[in-house]
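Please read the structure below before turning to the comments.
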Amino acid sequence: GGFGKGGDRGFGGPSLAPPPASNVPTQMSINGVATWTYGQSSAGPPVKGGKDGGGKGLPSGGGFGGGKGAAGGFGGGAFGGGNFGKVGGGVDTGAHSNVFVGNLAEGITKEALEQAFSAHGEVKSVSVMNKGGRTFGFVKMATVAAASAAIGGQNNNALGWLVKLANNDASSSGKGGFGKGDGKGFGFGGKGKDPYTKVDHTNVFVGNLPEGTTQDSVSALFAPHGKIKSCLVSKKGEETYGLVEFSTVAEAKAAITAMDGHAGWSVKMANNDARSGGWDASLPHSNVFVGGLTEGIDKDMLEKVFSEHGSVLSCVLHDKPADGAEAPEDGGEGFKRYGFVKFGTVAAAARAIDALDGQNGWTVKPANNDTGGKGYGKGYIWVPDGSGYDDWGGKGAGWVWQPNDRPKGGEAERPEPAPSDNLYVKDLPPGISEEEVHATFSKVGSVVECRVLRWDNASGCAALVRMASPELAARARAQFSGTIHDTCLQPLQVGLQQKAGESVPDHLYIKGLHCTSTPDQLRTLFGRYGTVAWCRILPLPFEPRTGNVPDVAALVQMSTPAEAQIAIEGLNGRTSAELGQPMTVRFAESKQGGPEQTDAKPNNNIYVKGWPVGFPDFLLQSIFQQYGSVLRLRLLDNPDPEQPTCAALVQMSRVEEAAVAVRQLHGRTVQLAVPPMHVRYAGKDQGNSDNLYLTSLPRSVTENTLRQTFSKYGEIKRLRLLQQSGSYETHALVQLATPQAAAQALRELDGSLPNFKGPTLFVAYAAKREGGDNRDSRRP
């Protein structure tokens, strides 16, 4: 039997067995450099594809297929029926009609997308978004059949769109939150507005600007139409464009009406709201607290006022009695009214705070926590000026880390899952990378898979870590649970506090504390050197953003100057393993029939996880051919397009060969030759500058890896990864301190091999379904 004809970019054509080992394409040149390209396959040069598609197999053997199927696993019939069986035709779009559209051109409008998809049926809603320089959208069709027709008609069209079923259906009510507990959820609370609907905002796009246009000139022309919050002029290719953010939606619409067509300009609403500002301007979320409300203010009035600055997703009001006041039903009037307003974007929340704080006696500021979820969290909270804590010994507003000291409730009472090779690690510090988590658990043994889970920009992270065996997982759990991660450990700078140029003999000023350190930890540490009168961790004046979390400082008062000197001698320049967020390591819950299931009976079908996206199938085939004859092999796209690895299904000729492959390859890190990276000057003219543009990088490359590569050329002023949805490789921009440093880096690195650590593979028997079906129930 062959692979069958795939309805969703699956394999097609006649029934052919894969080529024998001698016909595997050449992998390396004579000098040891890989000759393949990212996205290449045994079928030819790079092409789009890979998802387990709908296809109907040939009578002699059927094929892989099924799409994202309602039957679970790899769709409606992957590895189905007898020798792979017969799979239903067409694209199985699952149980909803929400379609993801990737590879969109920057500047595409919601109207253009709706027009393209309306040819396939009624369109219920359309949204266009931008993330990390990538433009994508969601189109909610009226029926599942219309979604199926749209995917078949628009995927890989002349514009190169990637069109597939979205991971989740579009919600019409916005009820509840996504996720549960530990601050993991981020819903919209109660019955809110559809989060997939395009939100109102105040960010105006200005196109067709002449070359040389400045921000000041654009701002001056738009200023008569309202208060300008920000103005940006940028260039893409030969096109110069601008973005002007107004304070209110009405001002933005007035500017569009007045300025569209002026001097040939194209002026319209931008696809997305303005991005939140830098360290001194950004907010951790879009939930706003409103205090000082009068009794006559109701929910509708509050929403109307705040919606002038952007789309309001939800609005709630509360009444709290003042100290000693009687309830209204008892004749009392001393109640305080306050509320929370959840915006669709962080930028809209920032505009509302700037415009409304202090108006009508209101207090408008960031809420301590975002809405949604039904748990509690660890992360940064806003401490208003003067609110302080008793042990801080001072006042001051800013962001401080809030450890979770509430009762654990249901989580503590919930029994830990049975031991397995899969671990759930929580209470990791914000900004931690998968490389750092992987390095920690690799101290115990081989790590097969590692994925960091982030909730927002100011909360602790969690991770899923799969070890090579349950025994290694148990050892890692015992060794690391309750310990502080290495990224929190750093040398302290301890000295006397300076006031008005004079040293305070019993006051200590401490720098270099990790952001998750707490006053209790500080008091315990310095308590070893004497009596601590009080201590205070100084709030940050800005939001701690994921991936770039700063150190914090603290003040400690010892009972005597002598004790202060002893603490300086004992701690200055030293690293303490007691400051930072202790992590919790538990066995992860396994879902029946999911990738965690490792008790499948031996057979000749193998499930492989952890293969790098974009690496050819014939490389994986050559690895398995060391243990026998490979009859069939197929790479499967990861349902999460952000992830750099995918899964594969491999059929060996005999069960005995599969047994050897599983035993030898599971948990093993395989070394692969990769293509050389290419380095050139950034920009169209590619002139000599300090900016470099990198191509031909693996999807798994990280900022830390590139920083290590370029650090020997001096200061790195800027580094940005450019990962486009649907692309098999990663590009990057690197700005060095001088053109001379960039020239040296270009000479030495262009054509060199990127720093690449081979993948660690998860290899297991493919699970069979009950009833004799040989269908794999795993998902990549």
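How would you order 422-433, 140-151 from highest to lowest mean count of nearby Cβ atoms within 10 Å? Don't jump to the answer; show the numbers that get you there.
Working: 422-433: 21.9, 140-151: 20.2.
By packing density, highest mean first, the sequence is 422-433, 140-151.
Just to confirm, what accessible area per residue do you get for the stretch 641-726 at 1.4 Å probe, in whole Å²? Kindly include the intermediate steps, with their values, before the conclusion.
Values: 4020 Å² over 86 residues.
That works out to 47 Å² for each residue.
P(r) tail for the stretch 605-653, what percent of Cα pairs lie past 18 Å?
25
Run the numbers for GLN359 and THR669: contour at 0.36 nm per residue of separation, minus the present Cα-Cα distance, in nm.
Once the chain is fully extended between GLN359 and THR669, it gains 105.5 nm.
If the viscosity is 1.002 mPa s and the temperature 20 °C, what translational diffusion coefficient in µm²/s does Stokes-Einstein give for the stretch 555-714 when Rh comes from Kirkwood over Cα pairs?
Reported coefficient: 100 µm²/s.
By per-residue mean of other Cβ atoms within 10 Å, what is the highest-first order of 693-703, 662-672, 711-721? Walk me through the numbers before you get to the answer.
Values: 693-703: 19.6, 662-672: 15.9, 711-721: 14.0.
Order by mean packing, descending: 693-703, 662-672, 711-721.
What's the ranking of 647-655, 96-104 by average number of surrounding C-beta atoms within 10 Å, highest first?
96-104, 647-655
Given a 1.4 angstrom probe, I'd like the percentage of the accessible area of the stretch 624-755 that is carbon and sulfur, rounded to a whole number.
Ligands and nucleic acids excluded, carbon and sulfur reach 46 percent.
I need the Debye-formula profile for the stretch 202-309: one equal scatterer per C-alpha, no solvent, reported as log10 I(q)/I(0) at q = 0.10, 0.18, 0.22 1/Å, two decimals.
Listed by q, the Debye log ratios stand at -0.36, -0.91, -1.19.
Starting from the coordinates of the alpha-carbon atoms of the stretch 479-580, obtain the Kirkwood hydrodynamic radius over all distinct pairs and give the value in Å to one decimal.
The Cα-based Kirkwood calculation yields 14.1 Å.
Ordering CYS231, CYS515 from largest to smallest accessible area (1.4 angstrom probe), what's the sequence?
Solvent-accessible surface, decreasing: CYS231, CYS515.
Grab the Cα-Cα distance for LYS717 and ARG586, subtract it from 0.36 nm times how many residues apart they are, and report the gain in nm with one decimal.
43.2 nm
Please work out how much length the chain gains when fully extended from ILE566 to GLU502, using 0.36 nm per residue of separation minus the C-alpha to C-alpha distance, in nm with one decimal.
Net length gain for the segment: 21.1 nm.
The values are calculated or read from the model by the stated rules, or taken from the named source; none is laboratory data. In this text the structure is predicted, and so the values were computed from the model without any measurement. Cβ coordinates were reconstructed from backbone atoms using ideal geometry, including for glycine residues, and neighbour counts include every protein chain displayed. The area values use the complete protein model at the heavy-atom level, side chains included, leaving out ligands, DNA and RNA. Shrake-Rupley method; radii C 1.70, N 1.55, O 1.52, S 1.80 Å.
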